[in-house]
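**Q** Below is the structure I would like to discuss, written out as structure tokens.
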Amino acid sequence: MNKIGFKNFRRFTDFPGIEYSNINFLVGRNNSGKSTVVKALLLMVDYLKSENVNQFSFSKNNIEDVNIVTYERAKSKAAKEDFIEIAFTHNNYSLLIRISGNNDSTVVDVHYLGIEDLSQGFVFILNPATSSITIQNKSKAEGNSRSQNESLLDVLVLREKEIVNQLGIIKSKATEEYIKLNSELKSIKTKIKDLKSLINSEYVTEDNFSIDASYTKTDLSEILDDTFFDLNAEYEVQYHEIQKGKKPKKEFASYKAFKESKFKIEKFKNDLISQVKSVSLIYLGATLNKQSALFSIRDKKNALSQTINEFVQLRIASGEPAYRFVTKWMKEDEFEIGDSFEIKMYAGEAYEVIILSHGLKIPLADKGMGSIQAMLLILRLATIIHKKLKDENDYTIIIEEPELNLHPALQSKLADLFHEVYKEYNINVIVETHSEYIVRKSQVIIARDEYEVKPNVNPFNVIYFPKESPMIPYKMEYNEDGSFKRSFGPGFFDAASFNTLELLKIKHQKSS
């Protein structure tokens, strides 16, 4: 399971986080927060791939697709603090970022970036404002006296800053308020000094250390490489000084613990960077395509034109898996597209898609809107499948309302389509949908394939976003027979049943 959560982002001041797996359906009424999760995911992955840990951008291409451009539009209108936090867990790594900036800024400052290896306990904490980095090992530090003392130190340092700010506002030093605050400040300074001495005197081990350094680069990989080099060099310097008879410095124990953990930390770093590079998050927005005989290469706003162009430019041959994927799903009765297809180019400017069906050649433009929409989705998925087979990256596709223009039977078939994309090609899918037919078909697949029967693992995940209080999304969870353990909120996926009951009531009233 992966996870996304956030604070002060869009409509949520505190979104505790939701887990998502292989085939995910985000369902709920309009304006319930489904697209907010999508935006957070796109922003976080875009930041991790940006090669600049100091800045967070709202203006990259795929972010513009989901209509976030400035900090003001990203920050919750109900936020009491002027920052946004996004927490992102991917496989064994947990990341937390805190950002803020001017309301009209498209690029804002990163104030905190924390990265934790959940399997080993190593942590990287970056503070871009001071260009400082802290490396810790928390594997055996939770709950011990050191972690408690450090937490208390954080509280005291924060209170010290608050008092200094308050004293700066008071004009007269003779006031009772000033005297009390100044006395408290002196006491806190003494406690901070004593606490730092206590922390520094505690025994540091390979399983429990914290070490600070500074950095000058902006790329995460380069920052970590330089930091490792500097810490190792400093250890060597201090080690040789000790060998010459000098007394060890108080921080030497931390350098020694880092040195002993260096191989594990470097493996953590290499695996982390490898995962960041391999994560490919692709957003397929909802589209309402116009029926057109030719699809211009220059028409950047036409999703089908751009998808056809990408399919052609990838040179996907008829014998390749991605091509076979297209022809297979074209032939599905519910999709009603055809047996195969041809793509012709005219003057290097536009494409024509010809559908081959029962010996006839029919322009795609002459098919119904449902067939055109289905063909667009199939071609889009095929291009991603082709890329996946070539580069073996970790692909997740976000699809917004794929049911547009599709009749109920075809909507239901989409669940089978997404199931194959995951099962055959190991591509994860997140679908933002209002279609009851897609969700209900997932229940059928689960019952049929016994996904809730151990040792099978259920790849499906339905997350419901309620509009009623407390508006906290929850997983529906499946039973072995495909039924849900929980219920959808009122007014959602029960409209057909409600109308049927109303019709029966009216019929009964008229007959009586």
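The values are calculated or read from the model by the stated rules, or taken from the named source; none is laboratory data. If you're wondering where the values come from, they're calculated on a predicted model, not measured in any experiment. Please note: Cβ atoms are built from the backbone with ideal geometry, for glycine as well, and neighbour counts cover all protein chains shown.
**Q** Anything in region 431-462 that is in contact with a Phe, Trp or Tyr (Cβ under 8 Å, 6 or more places away or on another chain), under 18 Å from residue 485 (Cβ atoms) and in a loop (DSSP other than H, G, I, E, B)? List them, or say none.
**A** 451, 452, 457, 458, 459
**Q** Run down 457, 439 and say which single residue is surrounded by fewer than 11 Cβ atoms within 10 Å (Cβ to Cβ), under 25 Å from the mean Cα position of the chain (by Cα) and either modelled with pLDDT of 90 or more or on the phi > 0 side of the Ramachandran plot (or both). Talk me through it step by step, then tell me what you get.
**A** On the way: 439 fails: surrounded by fewer than 11 Cβ atoms within 10 Å (Cβ to Cβ).
Answer to the selection: 457.
**Q** Could you run through region 422-470 and say how many residues are acidic (Asp, Glu) and farther than 20 Å from residue 30 by Cα? Even if it seems obvious, please write down each step before you answer.
**A** Of the residues in region 422-470, the ones acidic (Asp, Glu) are 424, 432, 436, 449-450, 452, 468.
Keeping just the survivors that are farther than 20 Å from residue 30 by Cα gives 424, 449-450, 452.
So the answer is 4.
**Q** Conditions: (1) assigned to a loop (DSSP other than H, G, I, E, B); (2) loosely packed, with under 15 Cβ neighbours inside 10 Å; (3) touching a strand residue (DSSP E or B) at 6+ places or on another chain (Cβ under 7 Å); (4) not hydroxyl-bearing (Ser, Thr, Tyr). Residue 342 meets all but one. Number of the miss?
**A** Status for residue 342: all satisfied but (1).
**Q** Got a number for residues in region 1-37 being in a loop (DSSP other than H, G, I, E, B) and not polar (S, T, N, Q)?
**A** From region 1-37, those in a loop (DSSP other than H, G, I, E, B) are 1, 10-11, 21-22, 29-33; that's our starting set.
Imposing the further condition that a residue be not polar (S, T, N, Q) reduces the set to 1, 10-11, 29, 33.
Number satisfying all stated conditions: 5.
**Q** Report yes if some residue within region 277-299 is at pLDDT 90 or above, assigned to a helix (DSSP H, G or I) and exposed (fewer than 14 other Cβ atoms within 10 Å of the Cβ); otherwise report no.
**A** yes
**Q** Do you know which residues across region 152-178 are touching a residue at least 24 places away in the same chain (Cβ under 8 Å) and among the acidic types (Asp, Glu)? I'd like the intermediate steps shown before the answer.
**A** Just the residues of region 152-178 that are touching a residue at least 24 places away in the same chain (Cβ under 8 Å), to begin with: 152-153, 156-157, 159-160, 163.
Passing the criteria: only 160.
**Q** A further question on this structure: Looking only at region 104-117, decide whether some residue is out of contact with any helix residue (DSSP H, G or I) (no Cβ under 7 Å at 6 or more places or on another chain), at pLDDT 95 or above and small (Gly, Ala, Ser).
**A** Scanning region 104-117 turns up at least one residue that is out of contact with any helix residue (DSSP H, G or I) (no Cβ under 7 Å at 6 or more places or on another chain), at pLDDT 95 or above and small (Gly, Ala, Ser).
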